[in-house]
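Remarks on the structure that follows.
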Amino acid sequence: MQADILFPINAEAFTYIIPEELEAKIKIGVRVLAPFKRGKKVGIVQSVELRSQNTDNAGFSLRKEITLKPIEAVLDNEPLIYENLLKLIKWAGQYYISTSGLALKNAVPSGIFEGKKSGRSRITYDEEVKPAKIFALTDEQKKALSVINDARSGAFLLHGVTGSGKTEVYIRAIEALGDKEAIVLVPEIALTAQMIDRFRSRFGEKAAFFHSGLSPGERLSQWWKIRNGEVKVALGVRSAVFAPFKSPGLIVIDEEHEASYKQFEGLRYSARDVALARAKLEGIKIILGSATPSMETFYHAKKGKLAYLELKQRIERKPMPRVEILDMTTEEKKTLSYSDKLLSVLKENISLGRQSLIMLNRRGYSPFLICTDCGYTYKCPACSITLTYHKDTKTLNCHYCGSYLKPQDVCPQCKGVKVKYIGAGTQRAEEELIAAIPELSLKRMDRDTTRRKLSHYRIVKDMEDKKIDVLLGTQMVAKGHDFPNVTVAAVVLADVALNLPDFRSPERTFQLFTQLAGRAGRGDFPGDVYIQTYEPHHYVFDYVRDHDYTGFYQKELDLRRELSYPPFSKLIRIIFNFKNKENAAKVMRVVSARLKKITAAQDSRSRIQDPRSAGEAGVEILGPAPAPVEKIRNLWRWHLILKGKNSKALRRTAAEILETIKDIKGMKADVDVDPINLL
C-alpha cells in the first residue's frame, strides 16, 4: 500500500509506503509524520493506492528503481481535511499553474502542521452581543431572497445600489439554510467592526471571523471551531474561502468586484473564482453581491451563466446622493488639496452637526520631492518608483518594498537647496484641512494610522459615536461603512487612479467613486458628493454623476470588445524576474527566440492561428517587454501576456513556455492566471 502525501510547500504530492501496522489508520485527509530530506515533516494524505514500488502515480514502470520511504506515524483518528476541500486545493494548484502544496499552504494555517496550540482571542469588537435589529424587507429584497431560498444550488449576482440592504439578504439566506453552514467573504477593508457586530447579533457564538488582525494562534482557534462543527458562519477575508466546513450550503462574496480578493504573490489565486469552483464542486449556492459588479461578472450574468437579482432602491426609498464634479482648473482654491467650495461645504456640514468623509487614495505627505534646480527626484534604490515623503516620520518611504531613507537638506545631485514637495497625500490633506478649519474634529484612516491592532476599530467606533466631524483617508473610508450621520462625501485629486497604464483603471475608478458616494445620505438627511478633478470631461465622471452603472458597463464593454480584453478573452501574465538589468535584456532575447519556435510549432499544429482569424483555441502572445513598474525589491521585471478565449489552450501555452525556459539560469518566472493588475 502506498500513499501520496501533500506537504505545505511549493511541490506536488510525494509517494510513501504505508507500513502494515498503519494501514488500518490511513485515510484520505489525515495528517501523517513522514521522513523528508534529512528530517521529518507533517503532511496530509491525498490519496491511497495499492501499487508496485516501481511504478509511478499513473501505474507506469519507472526506469530507475526508487526506494520509497515509509510513513512513520498517523496523527489523526479521523480525516482532518475533508475530501471535497482536498479536491478544491488540487484544483487551485492546477488552475493557477502552481502546485497543490502551495495551495494547501494557503488553505490551512501553518500551526496545523507545526502542532501549535490555539491562541486566546483578543477583543476586536464589543464583548456584549447587541440584540439583533430585525429589518422589514423591501419587495425587492423579498423577491431576491425567494429566488435564492428556492434553489438548491447555482450562482446568483445580487446587484444592489449602495444602501439597498444586500447584507440583510445574505443573513436571511444563511438563516434559511437549516443545518448547513455558510462562508461569507468580504474585502479586508470592508471587514469592519460594524460587519462583525451585525453577524454576531444574529448568530452569536456560531460565527467565526478571519482577518489580518488575528495572531497565528487566534487564526488557528477560529479554524478549529469551524473544523469541529462549532459554528454556522465563517466570515472572513480571502483565505476564508478554504474554511474547513463539512457540509456548506452557501457561499457569499460581498463586494465581489474588489481587487483584494486576488492574491498577488505565491499562489496568485482569486478568492471569488475559487469560491465559484468550490460551489460547483460542493453542489451548493453562491451569491456574488455588489453595487458595481466587475465587468466579467455582469457580462456572465447577462449571458445567463449567473441568475441576475437586482435591488434598485435604497432602504426606505432614501434618495441616492447628488454628485457634483468640481473642475479644479477653474475652481478658486487657497490650498493644494481643497477648492474653496469644498471647504465651505465642509464648514456648513459641521455647523449642522453632521459628518463628512474625504478620500484621497494616496497615503503619505507628498508623492515625491524634486530639486527645482536640476530636476532630481528621490527614487527607491530597490524599486523603479519615486519615494513618498511621510512628514510624521520625516522619511521618504517606498510603498512597494517598505524601505525608507532620510531626505537631505541639499540635493544629492547638484547640492542645490531648492527642494520642493510635489503633490499631496493623506498627511498633507489632513494638515491643510486642520489649518483651514481649526475647530473641526478630524481623524485620518490609512495604512499608517491603522497598523496597530484595534486602531481601525476605534476610528470606526468614534465615527459611530459622532466624535469625529471629518474622516479623511485612502480607499479605506469608501468601503463597508454605514454611518447614518454622513451627509457629505468628497474625493480630493480624483485623477490619481484614472491614468494608470492598465485597461482596468476606468473600471476601478468608477467602482471606487460610486462606493464612496454610497456612504453619503444613508440616514435621515440626503447626501451630497463632491469630486475634485483636473480632467472633468473624462467619461467616467458622467456615469458616476448619474449613478449609471449600466451606461458605464456598456461604454466600457464596447471599448474592450475592440481590443478583445476580458470579458471577451482570458489573460495569463508571466513575469520574469532578474537580479541584473543587463542580464535581463540578454536573457529576454533568448526567451523571445524560443517563443517564436513555440508559436511556429503550434501554428503548424493549428493550435495558434493569426489572432485576427483565431478560433476558440487561438492564443495571442503580447511581449515580452519590460513591466510598467520595471523594478521591485531589487529585481528587474519583464513580462508577457497571453490572450485568448479558451482557458485550457491558454494554460497549455503557458505551461509550454515555462517548460521551454526552465533551463535558463539567473531568471525566476511567476505566473498570474486571470491577472487584475498589469503593472
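We did not get these values from a lab; they are worked out from the coordinates using the rules stated. Please read these numbers as outputs of a predicted model, since none were measured by experiment. For neighbour counting, all protein chains shown are included, and Cβ atoms are generated from backbone atoms with ideal geometry for every residue, glycine included.
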Interchain or sequence-distant (5+) residues whose placed amide H lies within less than 5 Å of the amide H of residue 530 are 324, 489, 490, 491
Simple spin-label estimate for residue 580/residue 302, 7 Å along Cα→Cβ, in nm, reads 5.1
At R0 = 35 Å the Cβ-Cβ FRET efficiency linking residue 679 and residue 417, nearest 0.05, sits at 0.55
Answer check: segment 139-316, Cα atoms, Kirkwood Rh, Rg/Rh ratio of 0.94
One finds, for residue 546 and residue 333 with R0 = 35 angstrom and r their Cβ-Cβ distance, a FRET efficiency to the nearest 0.05 of 0.85
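Taking K and R as +1 and D and E as -1, what net charge do the other residues with C-beta under 13 Å from the C-beta of residue 572 add up to? Please list the in-between numbers first.
Values: positive: 268, 570, 573, 643, 645, 648, 651, 652; negative: 620, 656, 670, 672, 674.
Overall, the nearby charge balance is +3.
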Label model pair residue 534, residue 568: point-to-point distance (7 angstrom along the Cα→beta-carbon line) in nm is 3.3
If each part is reduced to its alpha-carbon centroid, segment 284-344 and segment 431-484 end up apart, in Å, by 21
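Using r as the Cβ-Cβ distance of residue 392 and residue 557, and R0 as 35 Å, what FRET efficiency do you calculate, to the nearest 0.05? Can you show the working numbers first?
Details: r = 44 Å, r/R0 = 1.25.
Here the calculated transfer efficiency is 0.20.
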Too long for a 20 Å Cα-Cα cut-off, among 570/668; 133/206; 596/662, are 570/668
To the nearest 10 degrees, the tilt of helix 455-464 (Cα long axis) against the first principal axis of the alpha carbons of the chain is 40
Taking Cα atoms only, Rg over Rh for the chain with Rh from the Kirkwood formula is 0.98
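Can you give the translational diffusion coefficient of segment 141-189 in µm²/s, computed by Stokes-Einstein from the Kirkwood radius over Cα pairs at 10 °C and 1.306 mPa s? Provide the component values of the computation, followed by the final result.
Numbers: Rh = 11.9 Å.
After rounding, the answer is 133 µm²/s.
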Here the gain from full extension of residue 132 to residue 48, 0.36 nm per residue of separation minus their alpha-carbon distance, amounts to 25.4 nm
In Å, the Kirkwood estimate of hydrodynamic radius for segment 2-114 over Cα pairs equals 14.3
Taking placed amide H atoms and a strict 5 Å upper bound, the residues 5 or more places from residue 630 or on another chain that come that close are 384
Summing -39500 (n - 2.57) over every DSSP H run of at least 4 in the chain, dividing by its residue total and rounding to the nearest 500, the 222 nm mean residue ellipticity is -9000 deg cm²/dmol
Residues whose built amide H sits under 5 Å from the amide H of residue 72, excluding neighbours closer than 5 in sequence, are 33, 34
Simple spin-label estimate for residue 629/residue 340, 7 Å along Cα→Cβ, in nm, reads 3.9
